[in-house]
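Peer 1: The structure's right below; bear with me while I get my questions together.
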């Protein structure tokens with residue numbers, strides 16, 4: 001065997017220790033690992049900073065960051081210092097070793113073991129405690145900012161007469177401080193007790209005194225601090241009663257004081273506060289008396305008092321005073337709850353009007369004529385026709401539309417507002433011919449163009465009457481930037497503006513390419529930026545790919561909701577952003593809310609649950625409000641826009657009186673622009689948000705009642721009915737519709753819903769809010785309350801009537817023949833001359849088509865039902881008469897109306913041929929022939945232009961213009977056969 005001690009046989013080798021090379025390698029790997037973790041953390045921080053700077057909201061990032069750092073340092077140091085001081089003090093107050101008992105002497109080996117490391121051990125323990133406390137405190141940055149920047153509500157609660165700002169902004173911060181104080185006291189007490197025990201100040205098993213005088217005094221002071229904090233807690237609990245939730249038979253989410261709270265709990269909390277203060281003083285007195293006898297007795301009395309005064313006494317009051325005469329006792333407090341809840345949710349000005357529900361007009365012709373004035377009945381359901389938009393206007397597989405389209409208003413050439421179904425042709429990565437990193441992130445980067453259709457019209461084939469169509473898009477919306485780099489379906493990052501060209505769109509001449517010219521995104525010229533994004537996105541190709549070069553920019557956080565949430569983390573975002581053409585740009589409009597959980601006496605609701613309905617349950621394109629925390633105050637305080645091309649985000653103050661928004665504007669100055677900065681073109685497209693409306697309608701199922709006695713009986717409780725058009729069992733979604741309520745002089749763009757009695761199907765009420773931002777009545781909620789003495793059919797009953805009527809059922813069975821499917825659109829409820837008109841479009845998918853077409857319209861009024869091909873025909877059948885208007889009648893054929901002018905007639909004949917050719921191109925066995933269809937559309941437009949020019953020259957152009965303009969719009973946009981007239985009066989408009 002070789003000599004391991006060295007010598008001629010070889011070098012000396014030390015057994016059990018790694019060689020220098022191995023130690024160097026391990027050290028190098030350790031350093032690299034630390035550097036890797038450090039760079040990973042740096043990459044996250046750096047990319048966040050770059051993003052906020054790119055959207056020009058860096059102040060949000062810095063304010064939030066410094067607030068978190070400040071809270072972390074202050075409260076982390078406070079906690080660490082508190083624990084360290086008490087450990088040091090306990091060590092300083094230790095008895096001499098000679099005075100230690102046998103029990104304590106047995107701990108010598110532990111003391112000796114930690115003696116060389118006690119400073120490091122103390123530092124490690126306090127550092128750990130400080131880190132945990134600092135991290136917990138930093139999460140309270142919102143609470144701190146609201147407390148330090150809070151502005152008054154100028155409203156006082158009815159019990160303590162304090163400004164509501166105390167409950168919304170101050171009380172949450174005081175509770176945090178109290179919780180932090182309790183944690184510091186308990187941790188200090190535990191650390192001091194362990195130190196005293198380890199060094200002989202406390203004894204457990206040894207005879208004699210259990211604690212030294214020094215340990216007694218030290219621990220008594222800490223216990224006194226704890227009890228003093230408990231006294232503060234009792235005092236704050238008094239105010240907490242105003243925002244306390246409890247179960248109450250009137251409502252499941254009752255908030256505020258009840259009789260037992262005001263007459264038992266409130267005095268009990270005051271008494272317990274006084275007892276706790278005395279008990280704390282007794283603990284502090286042990287510094288002089290050096291005995292725990294009195295403090296322990298006092299603490300025992302405090303616990304007993306908490307049981308008797310804080311628990312038993314309120315139960316006795318509830319049992320023997322409240323329950324025998326509950327309504328009389330609780331009525332004053334219920335009245336306060338009703339008033340506060342209605343104010344907090346913005347429903348205090350709701351106008352409830354008694355509505356007969358039955359028409360008193362015997363003139364059926366007048367009723368038929370009044371339909372056009374009562375509502376612009378929308379037969380294009382935005383939640384049904386998305387596949388139709390997809391089939392007819394997708395153009396390329398890498399484009400797509402959301403599952404739910406949106407409804408907006410656009411002004412026609414005649415100056416009349418038209419309800420319009422609108423959607424964007426967004427990028428659909430699943431439709432790319434070949435998915436790879438270059439295609440997914442460099443070549444296919446954006447969508448292209450808007451597609452819009454009249455909400456009140458369908459063509460002869462049941463297709464939408466498009467007012468904006470084709471690729472590039474053209475039509476009534478004018479010129480605008482059509483590229484869509486930011487949208488609801490754009491959920492991945494893209495790298496644009498560099499050497500790699502992007503696919504813009506394709507036409508007959510082939511693919512068109514482009515390069516992004518906007519200023520959004522982060523420049524990747526800097527190698528540090530590239531490395532940071534390679535780490536942040538876990539994509540190493542970003543670091544070395546040759547497709548990235550001078551001018552390359554990375555775009556991410558591209559959905560409107562993500563962008564607004566990031567720059568305004570204090571806002572709650574509505575689940576449905578919608579697009580609009582504003583100043584030649586596509587702007588996403590996002591509604592945002594300020595909320596609070598501290599409005600006294602206002603009942604709470606959970607936004608995520610309240611805003612869910614049958615649409616959010618079945619479709620992923622329209623999300624519910626993400627917030628699941630309970631709130632009891634909400635305002636639509638901010639309207640935000642996101643430019644679909646540049647990604648620019650703007651926040652506009654909408655509610656100028658909201659104190660919560662004013663508080664956040666103080667905390668983040670310059671982030672929210674004043675309401676006066678909203679342009680008129682943007683104002684024309686702002687609307688009342690759906691999620692706020694759904695929250696308000698849920699509250700109004702109970703809080704439409706303003707009398708406490710009626711509220712307590714529960715006899716007037718309503719419910720939001722289930723969606724009758726499907727079997728999901730979820731709430732019916734509200735719908736936008738231009739409609740005239742009985743007290744209105746003309747139609748207004750509105751958001752509406754219905755109510756039924758709790759547990760029944762007949763109609764209780766119709767609720768509508770003026771949703772048109774430019775109107776003086778914007779946000780005014782109107783409720784038409786049906787009489788309780790008679791019954792009026794509700795949505796489910798109307799749907800059941802549709803399905804059970806023999807002729808209708810037979811017609812629906814015919815529509816379902818073969819592989820066809822029937823889909824029901826919005827069941828619209830329209831008040832008409834004291835009665836209620838129900839309209840429901842019926843769509844059919846079948847015959848090999850993958851998209852729904854409008855085939856029938858269901859209408860019922862005063863118990864009479866019609867099921868016809870067009871809305872006009874259904875209305876004529878229900879009322880037994882035709883409208884006495886000058887609108888051209890429904891010809892029932894595919895031929896356009898004739899004209900006495902031979903030039904016009906020839907042009908219309910050519911238009912008909914072009915229309916037929918276009919329809920044939922769409923019906924090819926191997927799929928639509930888009931080239932032939934495009935040629936037919938061009939021929940159609942040329943023919944219609946000739947007809948229009950000839951008609952303009954005619955002497956009798958007054959009536960001719962109306963027919964000609966309608967013919968041009970309906971045929972050119974959708975291949976329709978009839979001129980466009982009033983809603984519901986002809987086939988060209990109603991299909």
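Peer 1: Picking from 898, 916, 893, which residue would you name as being out of contact with any strand residue (DSSP E or B) (no Cβ under 7 Å at 6 or more places or on another chain), modelled with pLDDT under 85, part of a helix (DSSP H, G or I) and at negative phi?
Peer 2: Selected residue: 916, the only one of 898, 916, 893 that is out of contact with any strand residue (DSSP E or B) (no Cβ under 7 Å at 6 or more places or on another chain), modelled with pLDDT under 85, part of a helix (DSSP H, G or I) and at negative phi.
Peer 1: What residue, among those in region 808-842 that are at positive phi and out of contact with any helix residue (DSSP H, G or I) (no Cβ under 8 Å at 6 or more places or on another chain), is surrounded by the fewest Cβ atoms within 10 Å (Cβ to Cβ)?
Peer 2: 818
Peer 1: If you don't mind, another one. Just for helices (runs of 4 or more DSSP H) wholly inside region 664-725: which have at least 1 residues that are modelled with pLDDT under 95, farther than 28 Å from residue 323 by Cα and touching a strand residue (DSSP E or B) at 6+ places or on another chain (Cβ under 9 Å)?
Peer 2: So the answer is 680-683, 690-703.
Peer 1: Which one of 656, 610 is modelled with pLDDT under 95, surrounded by 20 or more Cβ atoms within 10 Å (Cβ to Cβ) and farther than 26 Å from residue 486 by Cβ?
Peer 2: Unique residue meeting the criteria: 610.
Peer 1: Tell me, please, whether a residue that is in contact with a helix residue (DSSP H, G or I) (Cβ under 6 Å, 6 or more places away or on another chain), at pLDDT 90 or above and part of a strand (DSSP E or B) can be found in region 412-421.
Peer 2: No, because not a single residue in region 412-421 is in contact with a helix residue (DSSP H, G or I) (Cβ under 6 Å, 6 or more places away or on another chain), at pLDDT 90 or above and part of a strand (DSSP E or B).
Peer 1: While we're here: Residues that are in contact (Cβ under 8 Å) with a residue 40 or more places away in the chain: find the strands (runs of 3 or more DSSP E) completely inside region 507-605 holding 3 or more of those.
Peer 2: Answer list for region 507-605: 553-555, 578-582, 585-596.
Peer 1: Condition (residue is more than 29 Å from residue 161 (Cα to Cα) and touching a residue at least 40 places away in the same chain (Cβ under 8 Å)) applied to region 315-323: is it met by at least one residue?
Peer 2: no
Peer 1: Residues being closer than 20 Å to residue 75 by Cβ and assigned to a loop (DSSP other than H, G, I, E, B): count how many of those fall in region 151-183.
Peer 2: Result for region 151-183: 0.
Peer 1: Check every one of the helices (runs of 4 or more DSSP H) wholly within region 275-354 and list those with 2 or more residues that are assigned by TED's automatic domain parsing to the domain that holds residue 254 and under 22 Å from residue 229 (Cα atoms).
Peer 2: Output list reads 293-307.
Peer 1: Scan region 654-663 residue by residue and report those that are outside any helix (DSSP H, G or I) and either touching a residue at least 60 places away in the same chain (Cβ under 8 Å) or in contact with a strand residue (DSSP E or B) (Cβ under 7 Å, 6 or more places away or on another chain) (or both).
Peer 2: Across region 654-663, the qualifying residues are 654, 655, 658.
Peer 1: Just to be sure, is residue 451 modelled with pLDDT of 90 or more, within 22 Å of residue 508 (Cα to Cα) and crowded, with 23+ Cβ neighbours inside 10 Å?
Peer 2: yes
Peer 1: With the requirement that a residue be crowded, with 24+ Cβ neighbours inside 10 Å and under 31 Å from the mean Cα position of the chain (by Cα), what does region 843-879 give you?
Peer 2: If the condition is that a residue be crowded, with 24+ Cβ neighbours inside 10 Å and under 31 Å from the mean Cα position of the chain (by Cα), then 843, 852 are the ones that fit.
Peer 1: With the requirement that a residue be in contact with a strand residue (DSSP E or B) (Cβ under 6 Å, 6 or more places away or on another chain), over 19 Å from residue 425 (Cα atoms) and not in a strand (DSSP E or B), what does region 481-506 give you?
Peer 2: 497, 501
Peer 1: In this structure, is residue 587 surrounded by fewer than 24 Cβ atoms within 10 Å (Cβ to Cβ), touching a strand residue (DSSP E or B) at 6+ places or on another chain (Cβ under 7 Å) and either modelled with pLDDT of 90 or more or closer than 21 Å to residue 341 by Cα (or both)?
Peer 2: Taking the combined requirement at face value, the residue does not satisfy it.
Peer 1: What number goes with the only condition from (1) assigned to a helix (DSSP H, G or I); (2) in contact with a helix residue (DSSP H, G or I) (Cβ under 8 Å, 6 or more places away or on another chain); (3) closer than 28 Å to residue 656 by Cα that residue 192 does not pass?
Peer 2: (3)
Peer 1: Right, another one. Which one of these is at pLDDT below 95 and in contact with a helix residue (DSSP H, G or I) (Cβ under 6 Å, 6 or more places away or on another chain): 200, 181, 208?
Peer 2: Only one candidate passes the filter, namely 200.
Peer 1: So is residue 377 under 22 Å from residue 782 (Cβ atoms) and outside any helix (DSSP H, G or I) or not?
Peer 2: Considered against the rule, which asks whether it is under 22 Å from residue 782 (Cβ atoms) and outside any helix (DSSP H, G or I), residue 377 comes out as yes.
The values are calculated or read from the model by the stated rules, or taken from the named source; none is laboratory data. Computed from a predicted model, the values in this text were never measured in an experiment. Don't worry about glycine lacking a Cβ; one is built from the backbone with ideal geometry, like all the others, and counts go over all protein chains shown.
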